[in-house]
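All remarks here apply to the structure that follows.
The values are calculated or read from the model by the stated rules, or taken from the named source; none is laboratory data. What you are looking at is a predicted structure, and each value in this text was computed from that prediction instead of being measured. Counting neighbours? That spans all protein chains shown, and the Cβs are built from the backbone with ideal geometry, glycine included. Areas reflect the complete protein model, heavy atoms only, side chains present, ligands, DNA and RNA absent. Shrake-Rupley method; radii C 1.70, N 1.55, O 1.52, S 1.80 Å.
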Amino acid sequence: MEVVVASGKGGTGKTFIASNLLYYLSVIMSRKCVGVDADVEAPDLALALGGYSRVEYEVKSYATRRPVINMSKCIRCGLCIKVCRSAAISLVDNVPRVDIEECEGCGVCAAACPVGAIDMVSYSIGKIVAGTVKYGVRVISGELDVGMSNSGRLVYELKSTAKKLYSNYSELFIVDAAAGIGCPVISSIVGADLLIIVMEPTPQSIQGALRLKHVAETLHVKYVTLVNKYDLNPKVLNSLRRDLNIIGEIPFDNVVFESYANMTPLLRYRSDSEVSRRLMNIFNVLYEEFMG
């Protein structure tokens, strides 16, 4: 089973929820599960769980391709420049040049070239790291190189690698997606069994949650919503409970930040706190309805 934790905007507590859910399933419920950190531009799921104690797999990701122009074949017709929707090819000193950072790797230029002067070659955009963090929890992370695009393709390769490495071990994959509803988030949600939307009671976060709901419905993925820091503006939630299928609310508490700073899941750091009690209730409901 694949469960994705996502938020329509950053800073809502998405990784906080994902890390504690992983701890709940792995340690408290003794289920074999793997965390997949698909926030490839800012991966920190392993850090929230104490950091890697053992790295078992690390490889460069060649999740995309880039065009290489053979100048001995090129006839300077300019067709590659015309068909490139990313404006990644330009004429410099009467020679077509590729801007690697702008290129999306779609291959249209190679297909359009009348003399076959363009080859699409594999190009490294980041890496994939897998291992065990504290408490015996397994996490696999994608890390996008600085300045690189195509994060959606890296997420796709990351999820595929996770299933290849752990399909014989894991019963559950918990995917910590990036914020927003861009390409990497959609790549995270595709094929999932359940989407957990994490939001806070602010206009920006509510708008993001509603957009994520639309993505889930379009992709035919079941979804539920968890409201973090609900007590900052509880009145706004009344009209949203049915629309967003809200299953639980978590109050604001500085103990959350303390646990995060100590790289320890709150369920272990302060299991007696009100936030931990609410998390346990929410996770128990999720477990019984979707994961049991």
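Could we say that residue 227 is of a type outside the set (Gly, Ala, Ser) and modelled with pLDDT of 95 or more here?
When the stated conditions are applied, residue 227 passes them.
Kindly establish whether residue 181 is over 22 Å from residue 39 (Cβ atoms), at pLDDT below 95 and not in a strand (DSSP E or B).
Answer is no for this residue.
Name the single residue, out of those in the range 63-86 being open to solvent by 30 Å² or more (accessible area, probe 1.4 Å) and in contact with a Gly (Cβ under 7 Å, 6 or more places away or on another chain), that is modelled with the highest pLDDT.
73
Only one of (1) in contact with a strand residue (DSSP E or B) (Cβ under 7 Å, 6 or more places away or on another chain); (2) within 30 Å of residue 136 (Cβ to Cβ); (3) open to solvent by less than 40 Å² (accessible area, probe 1.4 Å) fails for residue 60. Which number is that?
(3)
Say we look at the range 22-36 and pick out the residues that are outside any loop (DSSP other than H, G, I, E, B) and touching a helix residue (DSSP H, G or I) at 6+ places or on another chain (Cβ under 6 Å); which of these is surrounded by the fewest Cβ atoms within 10 Å (Cβ to Cβ)?
27
A quick yes/no check of all residues on (1) open to solvent by 20 Å² or more (accessible area, probe 1.4 Å); (2) without any contact (Cβ under 8 Å) to a residue 40 or more places away in the chain; (3) aliphatic (A, V, I, L, M); (4) part of a helix (DSSP H, G or I):
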| residue | (1), (2), (3), (4) |
| --- | --- |
| 96 | no, yes, no, no |
| 100 | yes, yes, yes, no |
| 105 | no, no, no, no |
| 111 | yes, yes, yes, yes |
| 115 | yes, no, yes, no |
| 121 | yes, no, yes, no |
| 128 | no, no, yes, no |
| 140 | no, no, yes, no |
| 152 | no, yes, no, yes |
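Pairs only if they're at least six apart or on different chains, beta carbon under 7 angstrom, first in the range 53-70 and in contact (Cβ under 8 Å) with a residue 24 or more places away in the chain, second in a strand (DSSP E or B) and among the aromatic types (Phe, Trp, Tyr); list them, first residue then second.
62/123; 64/123; 65/123; 66/123
Go through the residues of the range 6-21 one by one and say whether even a single one is of a type in the set (Gly, Ala, Ser), exposed (fewer than 15 other Cβ atoms within 10 Å of the Cβ) and at pLDDT 95 or above.
Checked the range 6-21: no residue is of a type in the set (Gly, Ala, Ser), exposed (fewer than 15 other Cβ atoms within 10 Å of the Cβ) and at pLDDT 95 or above.
Restricting attention to the range 247-292, report how many residues are part of a helix (DSSP H, G or I), closer than 26 Å to residue 2 by Cα, β-branched (Val, Ile, Thr) and free of Cβ contacts under 8 Å to residues at least 40 places away in the same chain.
2
Can you name the residue in the range 37-53 that is of a type in the set (A, V, I, L, M, F, W, C) and in a loop (DSSP other than H, G, I, E, B) and, of all such residues, is most open to solvent (accessible area, probe 1.4 Å)?
Among those that are of a type in the set (A, V, I, L, M, F, W, C) and in a loop (DSSP other than H, G, I, E, B), it is 42.
Restricting the search to the range 162-177, which residues are in a helix (DSSP H, G or I) and in contact (Cβ under 8 Å) with a residue 60 or more places away in the chain?
162, 165, 166
I'd like the full set of residues that are at pLDDT 95 or above and touching a helix residue (DSSP H, G or I) at 6+ places or on another chain (Cβ under 7 Å), limited to the range 259-278.
Listed by number, the residues that qualify are 259, 262, 263, 265, 266, 267, 268, 269, 270, 273, 275, 276.
Look through the range 184-221, keep the residues that are open to solvent by less than 10 Å² (accessible area, probe 1.4 Å) and not hydrophobic (A, V, I, L, M, F, W, C), and return whichever of them is nearest to residue 161 (Cα to Cα).
Restricting to residues being open to solvent by less than 10 Å² (accessible area, probe 1.4 Å) and not hydrophobic (A, V, I, L, M, F, W, C), the top hit is 188.
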